[in-house]
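The block underneath contains the structure these notes are about, expressed in structure tokens.
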Amino acid sequence: MNDSKSVPDRVADHLRRIPRSGIRDFFELVSQRSDIISLSIGEPDFVTPWTVREAAIFALDRGATSYTPNMGLLKLRRAIGGYVDRSFGLRYDPETEILITVGVSEALDLAIRAVVNPGDEVLYHEPCYVSYRPLIAMAHGVPVTVATSRENGFRLTREMLEAQTTSRTRVLLLNFPTNPTGAAMTPTEVAEIGAFARDHDLLVISDEIYSELTYDGERGSIAACPGLRERTIFLHGFSKAWAMTGFRVGYAAAPPELTEAMMKIHQYTMLCAPRLSQEAAIEALQSDRDTGIMRDEYRRRRNYIVSALNDIGLACHQPSGAFYVFPCIENTGLSSQEFAMRLLEEEDVACVPGNAFGASGEGFLRCSYATDFDQIKIAMDRMRNFVVRLLA
Ligand code: PLP
């Protein structure tokens, strides 16, 4: 008798329950086309600053190709400690409280796995970055979403969080400025959410990967709120503000016990982040000036694309950060998926369907403005033609 399992049955049960990313098929389609304008990419169109590339080349040239300590190069951890202090008013000990990771992607996985016990509820706001729900599920936690809406600019309030909090809530996962909505928080809102986390004794994981890309005023980390540093894992990296996506380098900063817990997973799964990328990241922190140039250009594009979309008849709130706009396409009568597919087929413009970022993203489209200004203009003209035809 042959009672051996079929190949699909060998995949772990919890993994089989996790669907593959909703945008994967769409991206595969887009990648087969070279003749399109893509507003679908979540990475800067700027090339990594020359001095940063040069630092990687020099490191290679002098044969700096070995492993680094598991925690990362101490020189980089020190540079990050200085940067986080200057930019966010947060002090972390580079020896015990800063861990270098393979992008914020790894840092998110480490943070969640380090603090979530099976059955713990993790609160997060939606629409959100595609990896949050699967990472929580892979850690055997329970994802609990708090849906944000266009009517209030995709903001998160204490009231909304309270409504989803139970006795099993352990972790609050935040991302401001937000991918895909571009929503950011004012200092008052940060303080309000901070008080909520304190009152419910929650651990906070704060993904601040877009924090340099805020356009309308102050930025501040929730970790800087009174009583929050000890219960927050602060995540940041070099992909967005320094245009270093392919270098794969990020970091987590947290009290020593939490850092040590993340380090254990990192040490056994990743060993260390790539050495050349760490060398380049040291240089990135010494060339702050480039983030300002990028920010100004993104602000110009944001202002243009928001007014163009509203003009076309696709209601679009003005995001305060990141490099995405999230217009509403409900009035066209199409679903997000149908709108994105037809826009691609009929006008050669690629945008990501909003439902890829969770159920509350249905009825929206994510357009990235990390694309050349002239290309954005052409894309908006084509989008106008498409919508005019639809509504005729
Ligand atoms: N967090 C958010 C909100 C993102 O948008 C992204 C990438 O798009 C990441 C994390 C992953 O970034 P990294 O390239 O540092 O892994």
Checklist outcome for this item: Extension length gain for Asn310 and Thr157 (0.36 nm per residue less Cα distance), in nm, is 52.5 nm
Item to check | Prolate/oblate/rounded call for the range 50-286, Cα gyration tensor, a/c under 1.5 rounded | outcome: prolate
Checklist entry - Around Ile193, with a cut-off of 13 angstrom between Cβ atoms, what is the net charge of the other residues, counting Lys and Arg +1 and Asp and Glu -1? => result -1
Item to check | Residues of the range 309-345 with amide N under 15 Å of a point placed 7 Å along Cα→Cβ from Asn385 | outcome: 342-345
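Is any helix in the chain, taking whole DSSP H runs, at least 24 angstrom long along its axis by alpha carbon and on average at least -0.5 on the Kyte-Doolittle scale, and which ones?
The qualifying helices are 373-391.
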Checklist entry - Rg(Cα) of the range 191-342 divided by 2.2 N^0.38 Å? => result 1.30
Checklist entry - In the neighborhood of Arg20, defined by Cβ-to-Cβ distances under 15 Å, what is the net charge if each Lys or Arg adds +1 and each Asp or Glu adds -1? => result +2
Checklist entry - So between Glu230 and Met270, what do we pick up on full extension, going 0.36 nm a residue minus the alpha carbon distance? => result 11.8 nm
Item to check | All aspartates and glutamates inside 12 Å of Lys240 as judged from Cα atoms, apart from same-chain residues fewer than 8 positions distant | outcome: Glu43, Asp45, Glu208, Glu212, Asp290
Item to check | Positive-end extreme of charge dipole, the chain - chosen from Ile41, Phe364, Ala261 (charges on Cβ) | outcome: Ala261
Item to check | Gyration tensor verdict on the range 219-260 (Cα atoms; rounded if a/c is under 1.5, prolate if a/b is larger than b/c, oblate otherwise) | outcome: oblate
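For the range 147-237, run through the GluC sites (Glu not before Pro) and keep only the ones in DSSP coil with at most 12 other Cβ atoms within 10 Å of their Cβ.
Passing sites in the range 147-237 are Glu218.
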Item to check | Rounded to 5, the percent of DSSP beta bridges in the range 50-286 classed as antiparallel | outcome: 30 percent
Item to check | Leu365 long-range amide H proximity, modeled H, under 5 Å | outcome: Ile329, Gly354
Item to check | Cβ-placed point charges (K, R +1; D, E -1), dipole of the range 66-109 about Cα centre in debye, nearest 20 | outcome: 240 debye
Item to check | Residue among Asp372, Asp61, Asp201 with the largest mean-square fluctuation in a Gaussian network model of the chain, springs linking Cα atoms under 10 Å | outcome: Asp61
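Bear in mind these aren't lab numbers, they're just calculated from the coordinates by the rules spelled out. Keep in mind that what you see is a predicted model, and the values were worked out from it rather than measured. With ideal geometry, Cβ positions are generated from the backbone for all residues, glycine too; neighbour counts draw on all protein chains shown.
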